[in-house]
Amino acid sequence: MTTPSELLPDPLPSEPLAIVADWLEQAWRAKRQPNPNAMVLATATADGRPAARVVLCKGLQPDPGFLVFYTNYESRKGRELAGNPRAALVLHWDYLQRQVRVEGPVVKAPESDSDAYFASRPLESRVGAWASQQSQPIESRARLLEAVKAAAQRFGVTPGQKNASAAVPRPPHWGGFRLWADTVELWVEGDARIHDRARWTRTLTPQGADQFSATPWSATRLQP
Ligand SMILES: Cc1cc2nc3c(=O)[nH]c(=O)nc-3n(C[C@H](O)[C@H](O)[C@H](O)COP(=O)(O)O)c2cc1C
């Protein structure tokens, strides 16, 4: 297990995502920020205009090698991913002196995963997912609150109700994405600004609509 400020192993391990899982776990245990799983997600339009925003990492599977986030499929990011299904992610823990960069193709998560995760969310989040057309303009905050109230009434949820079992199904426009990693880069702050960097790459070949087969990872140390 790596400890803060420890450099990357030498020689480099054959795959990088177990280190990422380890770093994420350490960031949770450090309790230094409310959302240690926050990551910047960069997407681009089909003609190459980039945009970035924060989402939460809700899953990381070193094997076969993907990260999961949940969102509104009709949001700006959802539409950009529909037109250009590749993205980049950055996780950064300042106090651990570590950065993770991940790139690769993005596919929708299986509906069963999205259903299970949606059902685990607080009641108000589930109502909100129906009320908010994420990334669309709205004329006022009051209108938004009216939409939340209307969604709550539609599902028989009373104000202040916390009952997690209330029947608010997952909206069809809301669910998970899996970013399958084909490039992972790890960065650790080093003494005297001689930081430690390494990149792992592999080739992913589509197998059906939402799976890939992967070559083994190839690892390279980079100059900082
Ligand atoms: C700490 C933090 C966590 C967030 N987590 C999510 C998330 O998991 N999913 C999501 O759709 N938006 C999340 N957001 C909001 C997004 O950053 C963004 O405002 C929203 O998804 C709309 O982005 P878009 O218009 O580019 O699609 C989060 C914001 C912050 C600051």
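The values are calculated or read from the model by the stated rules, or taken from the named source; none is laboratory data. Note that the structure is a prediction, hence the values are computed from the model and not measured. Ideal geometry is used to build each Cβ from the backbone, glycine not excepted, and the neighbour counts take in all protein chains shown.
Looking across the range 136-162, just one residue is under 27 Å from the mean Cα position of the chain (by Cα) and at pLDDT below 95, and that is K162. Return yes or no: is A21 surrounded by fewer than 17 Cβ atoms within 10 Å (Cβ to Cβ), in contact with a helix residue (DSSP H, G or I) (Cβ under 6 Å, 6 or more places away or on another chain) and either of a type outside the set (F, W, Y) or modelled with pLDDT under 95 (or both)? In short, no. Of the residues making up the range 209-216, at least one is closer than 21 Å to Y70 by Cα and part of a strand (DSSP E or B).
Taking the criterion of being of a type in the set (D, E), over 25 Å from E80 (Cα atoms) and away from the ligand (no atom under 16 Å from the Cβ), the only residue of the range 119-177 that qualifies is E146.
Against the definition (buried (at least 18 other Cβ atoms within 10 Å of the Cβ) and modelled with pLDDT of 95 or more), how does L89 come out, yes or no? Answer is yes for this residue.
The lone criterion from (1) touching a residue at least 24 places away in the same chain (Cβ under 8 Å); (2) surrounded by 13 or more Cβ atoms within 10 Å (Cβ to Cβ); (3) more than 16 Å from the ligand (Cβ to nearest atom) left unmet by A27 is number (3). Of all residues in the range 71-86 being assigned to a strand (DSSP E or B) and within 13 Å of the ligand (Cβ to nearest atom), which is surrounded by the most Cβ atoms within 10 Å (Cβ to Cβ)? So, considering only residues that are assigned to a strand (DSSP E or B) and within 13 Å of the ligand (Cβ to nearest atom), the one surrounded by the most Cβ atoms within 10 Å (Cβ to Cβ) is T71. Number of residues in the range 30-70 that are exposed (fewer than 14 other Cβ atoms within 10 Å of the Cβ), of a type in the set (A, V, I, L, M, F, W, C), closer than 17 Å to P105 by Cα and within 14 Å of the ligand (Cβ to nearest atom) equals 1.
Of all residue pairs spaced 6 or more apart or on separate chains, those with beta-carbon atoms under 8 Å, a first member in the range 134-146 that is part of a helix (DSSP H, G or I) and a second member that is within 16 Å of the ligand (Cβ to nearest atom) are L144/A131; L144/S132; L144/I138.
How many residues does the range 87-110 hold that are among the charged types (D, E, K, R) and more than 13 Å from the chain's Cα centre (by Cα)? Of the residues in the range 87-110, 2 are among the charged types (D, E, K, R) and more than 13 Å from the chain's Cα centre (by Cα). Taking the criterion of being loosely packed, with under 15 Cβ neighbours inside 10 Å and part of a strand (DSSP E or B), the residues of the range 172-208 that qualify are T205, P206. Which one of these is surrounded by fewer than 19 Cβ atoms within 10 Å (Cβ to Cβ) and more than 28 Å from E146 (Cα to Cα): Y117, Y95? Unique residue meeting the criteria: Y95. Within the range 98-109, none of the residues are surrounded by fewer than 17 Cβ atoms within 10 Å (Cβ to Cβ) and assigned to a loop (DSSP other than H, G, I, E, B).
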